1. Could you tell me the total accessible area buried at the B-A interface, probe 1.4 Å, in square angstrom to the nearest hundred?
2. Nothing charged except the Cβ atoms of Lys and Arg (+1) and of Asp and Glu (-1): what's the magnitude of the dipole of the range A:263-414 about its Cα centre? Round to the nearest 20 debye.
3. Counting heavy atoms of the protein chains only and a 1.4 Å probe, report the per residue accessible area for chain B as a whole number of Å².
4. Checking the cross-link filter: which aspartates and glutamates have an alpha carbon closer than 18 Å to that of A:Lys18, excluding same-chain neighbours under 8 positions apart?
5. For chain A, give the percent of accessible area contributed by carbon and sulfur heavy atoms, probe 1.4 Å, rounded to a whole number.
6. Using the Cα centre of the range A:100-139 as the reference point, and only Cβ charges (+1 on K/R, -1 on D/E), how large is the resulting charge dipole? Debye, rounded to the nearest 20.
7. Taking every DSSP beta bridge with both residues inside the protein assembly as shown, roughly what % is antiparallel (nearest 5)?
8. Within the range A:52-119, report the GluC sites (Glu not before Pro) that DSSP leaves as loop and that have at most 14 other Cβ atoms within 10 Å.
Amino acid sequence: MTTETEITLTPASLDEIKHLVSERAIQGETVLLNMGPQHPSTHGVLRLLLELDGEEVVNCIPDVGFLHTGIEKNMEAKTYEKAAVMTDRLDYLNNLGNNLVYCMAIEKLADLDVPPRAQAIRVILTELQRISSHLVWLGTHALDMAAMSVFLYCFREREIILDIFEMCSGQRMMTTFFRPGGLWRDVPADFEAAVRKFVQLFPERVNEYERLLTKNPLFLRRTKGIGVLKPETALQYGVTGPMLRASGIAHDLRKAQPYSGYDLYDFDIPTFTEGDTYARYLVRVEEMRQSLRIVEQALNKLPLGPVRSNNRKYVPPPRSEIGVSMEALIHHFKLWTEGFLPPKGSVYVGVESPRGELGVYLESDGGPKPYRVHWRTPSFTNMQILPILAKGHLVADLVVLIGTVDIVLGDVDR
Amino acid sequence: MNEHLQSIVQALQERFEADTYEFRDEVSLVLRPEQITAACQSLRDDHHFELLVEETAVDYWPEQTPRFHVVYRLRSLKHNLILGLRVPLDGNSPSMPSITSVYANANWFERELWDMFGIRFEGHPDLRRVLMPYDWVGHPLRKDYPLGYEEVQFSFNFDEINVRKPYAQE
């Protein structure tokens, strides 16, 4: 044991952050205040150093990293297939989207095919995931403005989606359902009925949320004209996703560079020009409706067939083959011990996550483990816009602004 | 490769005498560190690459020349194109110019590179660690930084363990 006096930690002196706060803070005219990392409205472990003049935010300095788990470093020490498990833990509201982009990067690196049925199921599940992520966002966003009931309704519908995930993969959140070359296994027989039931029930539920919020005078006063983001600022700061679309730029990777068969489906990109918190709310609510359209179309033309590639250099053989084929047994053994060996090179794949462009940079040195994995996470980039949005607003509005950026701290800190 | 992208790549190749690297239909220009700001400026203003998608690095330790590659990826919304840039860096404590004056969101990407790889960016307005604690020693994503199998470092045994650590220090 050691006594307290022996512990020597260099304190973060004012010198280190002097260039971030205004001259008035150094004079002692404004107050420096810590918000977080343990604060219910920061949606996780986010610390904001605020410089306040009365109740007005003069400067806001985000401090992230409290949830840093070294996933990129850990993935370098695992084989490609085993590292896929870690991808679920990045953005814990978009688990299947993380699986998708990681598998797509491996498929691009190894030039691996994905059967059409697997592509369609991937689209259905990631769009359901988008709805569930937006539901969590909507619920907590309304909760930040003290509208408790919206939160309860949103989580009621989210449960139905999580039940569908559990039906497919056995897990509600950490599914790892998508694997390089397809899916872990085919969806169960009652999957289609469950999704159809949700598709029928959900449109009325979205109308219900809108009835509670869209014309609610209290909600309007808290969101209209708050945190206006100009399109040029958004581009300069690399903001993507619903935030960019609420500022008038109709950029969506599902339309711009269709992947996983998104070009087969008919959907719109909701875009608004106001760029304020209310516009971002409208974009996300409309996105839920569009996602539902995609789910319905994909379900209607869901093809039959295999759900995983037949390329035995990358995909383990099914159990039935192992008993009768020596080659299958060798492949099984090699793939589960050594792993597969993609060619040397580097690829970047980006997909549209509920928060913006989620990308993965994957570099291979020809070995069984990824040489370098970098996650380009939308929350990390979008987070940088918060100080600009918050400037000049009240502390109470800052709580709303954290919600409107829609950060997931697992996604920021990786 | 897309024709428009081809012409952009050719224009830059001539201006900066750069090599290209191509793999699976993705093209990257290999630039020298001192060219990066001018190249980004030209790509943003003349060729409509409005978004800096990512900035990251790869460590090729024990290789020394180059030890690191800094990787940029720019996206043009107008032309729907994506282009990579690669900058090789030599030695254990490299530094290169920052591009925060061109793309504002390079700020945190470069802070992360300093934090994780120990690459210094000259002209960066606020080069502090971003993910690791502010008093952390070492740069975890370097290949000579151990992943595990070591004693956990707490404040009471920090110095004792730190002396035994072989990896590069600041």
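1. On the way: alone 9870 and 18520 Å², together 24010 Å².
Roughly 4400 Å² of accessible surface disappears when B and A pair.
2. On the way: 17 positive and 19 negative charges, 135 e Å.
Computed about the Cα centre, the dipole is about 640 debye.
3. On the way: 7590 Å² over 170 residues.
Here the residues of chain B average 45 Å² of exposed surface.
4. Leaving aside aspartates and glutamates fewer than 8 places away in the same chain, those within reach of A:Lys18 are A:Glu29, A:Glu51, A:Asp53, A:Asp63, B:Asp126, B:Asp135.
5. The value for chain A is 56 percent carbon and sulfur by accessible area.
6. Working: 4 positive and 4 negative charges, 28 e Å.
Approximately 140 debye in magnitude.
7. Working: 53 of 59 bridges.
Percent antiparallel among DSSP bridges in the protein assembly as shown is about 90.
8. Values: sites: A:Glu55, A:Glu56, A:Glu72, A:Glu76, A:Glu81, A:Glu107; in loops: A:Glu55, A:Glu76.
Here the sparse-neighbourhood loop sites are A:Glu55.
The values are calculated or read from the model by the stated rules, or taken from the named source; none is laboratory data. Note that the structure is a prediction, hence the values are computed from the model and not measured. Reconstructed Cβ throughout: ideal geometry from the backbone, glycine too, with neighbour counts over all protein chains shown. The area values use the complete protein model at the heavy-atom level, side chains included, leaving out ligands, DNA and RNA. Shrake-Rupley method; radii C 1.70, N 1.55, O 1.52, S 1.80 Å.
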